[in-house]
Amino acid sequence: MEIRPIRNEADYETALRRIETLWGAALGTSAGDELEVLTILAETYEREHYRIDQPDPIAAIKFRLEQTGQDMHALIGVIGQRTRVYEVMRGARPLSLNMIRKLHRNLKIPAEALIQPARKKAAATRQPARVRRIRPRKVSRRSA
């Protein structure tokens, strides 16, 4: 068992290949110990080089609802009344600290994902055209 630090992509690929061959090794054996150490090293390398950003809070809520087979109606009482739920879910209102606590407690959404500011949706590239009101002309009546 020769274990070396993972310093670059080549070392990382080598470690992944070795992990694949050791996969399923029994705990407490030399192969199991090697698998455990290599897995920790690979995870550390991935955490440093392949960062995954936290999801947008609204995306995290939608994902959890989808996972549990629920819809936005499940948020009524957790976030607030129906109008408050729709305001939050369309991004018109930010999550309050109380809402974050309830979402974390009731839906088991990680608080780290909820405390971030929501990402702004891309603005439309084309502005709607202004409509000019046309006033009817005054018709003058001529008496003959």
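Mean sequence separation of contacting Cα pairs (under 8 Å, at least six apart), scaled by the length of region 1-122, corresponds to a relative contact order of 23 percent. Applying the criteria of a DSSP loop state and at most 15 other Cβ atoms within 10 Å to the GluC sites (Glu not before Pro) of region 23-111 yields no site. Applying the criteria of a DSSP loop state and at most 12 other Cβ atoms within 10 Å to the trypsin sites (Lys or Arg not before Pro) of region 1-104 yields Arg7, Arg51, Arg90.
Gain in length, Ala111 to Ala59, computed as 0.36 nm per residue apart minus the alpha-carbon separation, to one decimal in nm? Kindly include the intermediate steps, with their values, before the conclusion.
Numbers: separation 52, 0.36 × 52 = 18.72 nm, distance 1.34 nm.
Roughly 17.4 nm would be gained on extension.
With K and R counted +1 and D and E -1, the other residues having a Cβ less than 14 Å from that of Ala31 yield a net charge of -4.
Computed from label points 7 Å out along Cα-Cβ, the spacing between Arg17 and Met89 is 4.9 nm.
Only the coordinates and a few stated rules stand behind these numbers; no lab work does. Just so you know, these numbers come straight off a predicted model, no measurement behind them. Positions of Cβ are backbone-derived with ideal geometry, glycine not excepted, and every protein chain shown enters the neighbour counts.
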